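These notes concern the structure reproduced below.
The values are calculated or read from the model by the stated rules, or taken from the named source; none is laboratory data. If you're wondering where the values come from, they're calculated on a predicted model, not measured in any experiment. Counting neighbours? That spans all protein chains shown, and the Cβs are built from the backbone with ideal geometry, glycine included. Areas reflect the complete protein model, heavy atoms only, side chains present, ligands, DNA and RNA absent. Shrake-Rupley method; radii C 1.70, N 1.55, O 1.52, S 1.80 Å.
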Amino acid sequence: MVLLLGGVLTPLAAAGLRSVLWVLVGVAGLALTAVGVWWALAHTGVARIVGTALSVAAPVTVLALYAATELLGPALLSFGLLVLAVVAARWALAPAPTTSEEAAAAPHHPWVLMNRRSGGGKVDRFRLVDRARAAGCRVHVLGPGQDVTALARQAVADGADLLGVAGGDGTQALVADVAAHHDVPFAVIPAGTRNHFALDLGLDRDDPVAALEALTGGREFRVDLGYAADRVFVNNASFGTYASVVHQPAYRDAKTRTAWKTLPGLLTGDDAPALRMTADGQRLAGIRALLVSNNPYGRAVDVSRPGRRERLDRGLLGVAGVRVGSTAEAARLASRPHSGGLVRLTADEVVVETGTATTPVGIDGEYVELPCPVVCRSAPGALRVRVPHHRPGRSRARGPAADWPRVARLALGRALPRQEERAPG
């Protein structure tokens, strides 16, 4: 509460009532920046050049105006205090940890699938095949065209009592589905490029060797899986703009260039997707991009843990959608974040419709084509996960938002209403 008060009083002390004007200048700068970004993404030729220039010039101009009036320092200080206030408030409202972890006995017949092509060759660079075999694991090195699901099923049929994967999130999801079906533990060795699932499990993505401990012991707990129709995902299923970009043949080798070239047609052209979504009875239309995740992600601007999932065991899908389709909507979204351009909610079930027989979907970054409508659901506690005893990325959960009335009551030592005490994180 002290940080929040300091963030509000700092500009007032530095500029008095003029600070209100400078806040409006900052909001205008954000709106112009959003307009520039929209032109750069949604258009080609001169409009893209102008948009790129505007997206740089607008914030630079605002900062220059602040500096010229000797308000840059107070503005940055105020912003920093407000950010710290939000982080502190979320810590104060953090729910107690609920994930039940148990020490795990060593498996008798662990089996690990390794993909040498993932992560730029991490499997070979860290000698994971030899290390896993030395730990008593059966290792299968994935070959071109092999069926990951069939390999995992055969491993269980041959007596495997733990399934592990050293590869990307897409491969992990397929093996995790088999592990959940047979109720055998699943271990992640972060040997892929991004390994978002490993990140949210608290594993060190730069040290895949440390994750090998889970193959011989470690700790165990249950997490959820997500499904889009009959396709499993450990992270998310994306619809609309991003899924269409992933569909491009050149995306795998040139992601940024392909997206830069494809986005104008997807945002404003004839190929622009128009999604309809129903989430637990709430219907929304006009969505350009939609992300359905296995448990909700934190906000991208959340400095405490940006773009990460605090928990993987809430039994809920996270839903994030974008409804921006014009320059005016882009400006309104930047200046008024709650204008409806962004959709964020949680749901037990999400139904996605496109008005076509099939729709492209990005499942953990892999392109698939699914029949419409696509029903997404959560499978609570479906997967037994094994992790090493030491996980450097594991941290205390933060609260979902800075609920200032609740923070004020806590600061004053007043008891929270009973329904707030039970409110889930």
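Here are a few things to note about the model shown:
- Only helices (runs of 4 or more DSSP H) whose full extent lies in the stretch 155-219 are considered here, and the ones with at least 1 residues that are charged (D, E, K, R) are 169-182, 196-200.
- Filtered residues of the stretch 393-425 (kept if of a type outside the set (Phe, Trp, Tyr) and modelled with pLDDT of 80 or more): 405, 406, 407, 408, 409, 410, 411, 412, 413
- The listed residues are 177, 147, and the only one of them that is open to solvent by 20 Å² or more (accessible area, probe 1.4 Å), of a type in the set (Asp, Glu), over 23 Å from the mean Cα position of the chain (by Cα) and at negative phi turns out to be 147.
- When residues of the stretch 297-314 are limited to those that are at pLDDT 85 or above, open to solvent by 30 Å² or more (accessible area, probe 1.4 Å) and out of contact with any Phe, Trp or Tyr (no Cβ under 8 Å at 6 or more places or on another chain), the one nearest to residue 36 (Cα to Cα): 297
- Of residues in the stretch 315-332 being within 17 Å of residue 239 (Cβ to Cβ) and open to solvent by 30 Å² or more (accessible area, probe 1.4 Å), the one modelled with the highest pLDDT: 320
- Residue-level analysis places residue 76 outside the set of residues that are of a type in the set (A, V, I, L, M, F, W, C) and closer than 30 Å to residue 289 by Cα.
- When the helices (runs of 4 or more DSSP H) confined to the stretch 19-134 are screened for residues that are open to solvent by 80 Å² or more (accessible area, probe 1.4 Å) and among the basic types (Lys, Arg), those reaching at least 2 such residues are found at 128-134.
- Odd one out for residue 335 among (1) small (Gly, Ala, Ser); (2) at pLDDT 90 or above; (3) surrounded by fewer than 21 Cβ atoms within 10 Å (Cβ to Cβ): (2)
- Extreme residue, nearest to residue 273 (Cα to Cα), among residues of the stretch 352-377 that are touching a residue at least 40 places away in the same chain (Cβ under 8 Å) and in a loop (DSSP other than H, G, I, E, B): 354
- Which numbered condition residue 280 misses (of (1) open to solvent by 60 Å² or more (accessible area, probe 1.4 Å); (2) at pLDDT 80 or above; (3) over 20 Å from residue 227 (Cβ atoms)): (3)
- Cβ-Cβ contacts under 6 Å between residues 6 or more apart (or on different chains), taken from a first residue in the stretch 179-204 that is of a type in the set (S, T, N, Q) to a second residue that is open to solvent by 10 Å² or more (accessible area, probe 1.4 Å) and modelled with pLDDT under 95, are listed as 193/119; 195/205.
- Of everything in the stretch 283-298 that is assigned to a strand (DSSP E or B) and within 10 Å of the chain's Cα centre (by Cα), the residue that is nearest to residue 315 (Cα to Cα) is 294.
- Residue match in the stretch 157-167 (condition: without any contact (Cβ under 8 Å) to a residue 24 or more places away in the chain, surrounded by 16 or more Cβ atoms within 10 Å (Cβ to Cβ) and more than 27 Å from the chain's Cα centre (by Cα)): no
- Taking the criterion of being open to solvent by less than 50 Å² (accessible area, probe 1.4 Å), at pLDDT below 95 and not hydrophobic (A, V, I, L, M, F, W, C), the residues of the stretch 363-380 that qualify are 364, 365.
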